[in-house]
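All remarks here apply to the structure that follows.
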Ligand code: NAP
C-alpha cells in the first residue's frame with residue numbers, strides 16, 4: 001500500500017511558537033467545508049481561533065478524495081456556502097454536479113477570499129484531546145507531540161473521513177500499486193492500459209468504475225453487496241443558466257430550507273400504493289430521466305417507509321438494470337437482493353451499468369467465490385488467481401463516529417469517548433456530548449444530514465450563537481444536562497422508527513464489517529427532518545439555552561477576550 005503523497009510533504013512549521021500552542025478561545029479540528037465556515041464565524045466574534053488540519057491544505061473530503069470521477073450528487077448551486085452574497089456572485093460552477101477538482105478549487109477560493117489560512121495549521125493531525133476539569137480547558141496533542149490549549153474545542157472532522165481498508169490476509173504483500181480511494185495520490189495514477197482490480201461497489205466505486213473502464217487495459221470489480229443506483233444526468237451549466245442561478249440564490253436556499261433533507265428535492269405527497277400502476281410508472285420514468293436525487297428523496301411518500309411500496313420501486317430499478325446490462329446473469333448479480341431501493345444512500349451514476357457490457361470489464365461476485373488473500377501479484381479468490389498492476393480499495397469509511405474513535409478524546413476524570421460511544425452515542429442535538437464539557441461538534445452523530453453544506457451552515461451558526469452567548473455573559477463552561485440528553489436521544493430513536501433504511505447495514509447505520517465492534521446497527525443521525533431539527537435547535541437558542549448547564553462559578557471570560 002503506497003503512502004498518501006500528501007502526507008509525505010515536509011512540515012513547514014515544525015517548531016511551535018507560544019502563539020501556536022495557545023491558549024486560544026477556540027480550537028477547531030478540520031479545515032473542510034465545516035471547519036472553514038466555523039473559523040469564519042468565530043473570527044467575526046473577535047475570538048482567537050486556531051484550526052488544526054491533517055492535510056497540507058484546505059478542503060477536507062474534497063482534499064482527500066481525489067479518485068477518478070469524484071464529484072458530488074447535490075446540485076452545485078445548492079451546495080456552495082450561502083453566507084456571502086458576494087461569494088455567490090463571484091463564483092461560477094461549471095457543471096450542475098461539480099467534479100472534485102472544482103469543489104476543491106472553490107474551497108481554496110473561499111479560504112483565500114476570507115483570508116482563512118492564516119489561522120489554520122496544516123500537516124497537523126490531532127491524535128488526542130484531553131479536558132482539564134479544573135481549568136475548563138481542552139489540550140489537544142498533535143501527531144508530532146506538540147500541544148495546544150483552548151477553552152472550547154470544535155470538532156469538524158467530517159462524517160466520512162475515517163477510511164477503512166478491508167481485513168484480508170496478505171494486504172501488504174501486493175507488489176503493484178494499491179490505494180484506498182480516500183488517499184488517492186495528489187499527482188494522479190496512470191491507469192492507461194493497466195490491469196486494475198477494484199474492491200467495493202458503493203457510491204465511490206461506482207464513480208471510479210464508470211470513469212476508468214474505457215481507459216484501463218482490464219478492470220475486475222469485486223462485489224460483495226450490489227447497491228441500487230440511478231442516473232445523475234450531469235451536464236455543463238450554460239451562460240443563460242448561470243445568469244438565472246445567480247439571480248435566484250435566495251429562492252434556491254429557501255427551497256433547501258423547506259425540504260426534509262436540504263436538497264432541492266422534496267418527497268411527493270402521493271403514495272405509490274395509492275396511485276394507479278400507470279401513474280406510478282410514469283412518475284418513476286420521469287424521476288429516472290431527471291438529474292439528481294429526485295428519485296431518492298423526491299419519490300412517493302411511502303417508498304422509504306412501506307415495504308410493499310419499496311418493493312415496487314425496487315422492481316422498477318431492477319428492470320432498468322436488466323435493460324441496461326446485456327448479459328442477464330451479470331445484470332442479476334448487479335441487482336441488490338438484501339435491501340430495498342433507497343434504503344442505503346443512493347449512488348448516482350453516469351453510464352455505470354453499461355460498463356459491464358464492455359469486453360475489458362468483469363464482475364466477480366465474492367459471495368460465490370470469496371477473496372482468500374491479497375498476493376504479491378494481485379488477489380486470490382476461492383476459484384482463481386488474479387494478476388493486477390493496480391489494486392483499488394473503494395471500501396468505504398467508519399462513518400460518523402469513526403473519526404472520533406481515532407482521536408483519544410478524554411473528558412473529566414479521564415473518561416474516554418471511545419468507551420462511552422461503544423454503543424449508541426449520547427448527544428444533545430448532535431452538537432454537544434453528554435459528559436464532555438466545552439466540546440462542540442459540527443456534523444457529529446444525531447444532527448440532521450442531507451445536503452451537507454446546508455446542514456453545516458445551520459449547525460455552525462447555532463454553535464457560533466452558543467459561543468457568542470458564553471462570551472457575552474462571561475461563561476467559561478458549558479455542559480449538557482442528563483435529562484435533556486435522554487430526551488434528545490429518545491427523539492432521535494423515535495425519528496427512525498418505521499424508516500426502512502434503519503433495518504439495513506450501511507455506514508449510515510454505523511455498521512462497518514472491517515472495524516472491530518462496529519457490526520451492530522446504531523442510530524447516527526436525526527432523521528425527523530431538517531425543518532423539525534431547525535425548529536428544535538432554534539427553540540433552544542431562542543430560549544437562552546436553558547437546556548444546557550453553564551458553570552457560573554467558573555465564569556472566567558474566554559481566553560484571549
Ligand atoms: P460504502 O458505500 O461504504 O461502500 C464500500 C464498499 O466496499 C461496499 O460495496 C462494501 O461492501 C465494500 N467492502 C468493504 N469492505 C469489504 C471487504 N472486506 N470485502 C469486500 N468488499 C468490501 O463507501 P463509499 O462508496 O466510499 O461511499 C460512502 C459514502 O460516501 C456514500 O454513501 C456517500 O454518502 C459518500 N459519497 C458521496 C459521493 C457523492 O456525493 N457523489 C461519492 C462517493 C461517496 P458491503 O456493502 O458488502 O459492505
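Quick notes
- Residue in segment 148-157 that is buried (at least 23 other Cβ atoms within 10 Å of the Cβ), touching a strand residue (DSSP E or B) at 6+ places or on another chain (Cβ under 8 Å), closer than 30 Å to residue 391 by Cβ and not assigned by TED's automatic domain parsing to the domain that holds residue 382 present: yes
- Residue identified as more than 16 Å from the ligand (Cβ to nearest atom), surrounded by fewer than 23 Cβ atoms within 10 Å (Cβ to Cβ) and either within 22 Å of residue 252 (Cα to Cα) or more than 18 Å from the chain's Cα centre (by Cα) (or both) among 71, 117: 117
- Filter result for residue 127 (closer than 30 Å to residue 90 by Cα, touching a strand residue (DSSP E or B) at 6+ places or on another chain (Cβ under 9 Å) and not in a helix (DSSP H, G or I)): no
- Residue count for segment 16-40 satisfying the condition of being surrounded by fewer than 20 Cβ atoms within 10 Å (Cβ to Cβ) and either touching a residue at least 40 places away in the same chain (Cβ under 8 Å) or part of a strand (DSSP E or B) (or both): 4.
- Residue within segment 503-516 that is touching a helix residue (DSSP H, G or I) at 6+ places or on another chain (Cβ under 8 Å), modelled with pLDDT of 95 or more and either more than 22 Å from residue 204 (Cβ to Cβ) or surrounded by fewer than 13 Cβ atoms within 10 Å (Cβ to Cβ) (or both) present: no
- With respect to the conditions (1) more than 15 Å from the ligand (Cβ to nearest atom); (2) at pLDDT 95 or above, residue 186 falls short on a single one, namely (2).
- Within segment 382-397, considering residues that are within 11 Å of the ligand (Cβ to nearest atom) and closer than 26 Å to residue 325 by Cα, the one surrounded by the most Cβ atoms within 10 Å (Cβ to Cβ): 392
- Helices (runs of 4 or more DSSP H) within segment 249-368 that include 2 or more residues within 25 Å of residue 507 (Cα to Cα): 294-297, 307-324, 328-334, 352-355
- Residues in segment 398-426 that are in a strand (DSSP E or B) and surrounded by fewer than 24 Cβ atoms within 10 Å (Cβ to Cβ): 3 in all.
- Check on residue 196, within 15 Å of the ligand (Cβ to nearest atom), touching a helix residue (DSSP H, G or I) at 6+ places or on another chain (Cβ under 9 Å) and in the same structural domain as residue 336 (by TED's automatic domain parsing): no
The values are calculated or read from the model by the stated rules, or taken from the named source; none is laboratory data. Note that this is a predicted model, so its numbers are computed, not measured. Cβ sites come from the backbone with ideal geometry, for glycine too, and all protein chains shown count toward neighbours.
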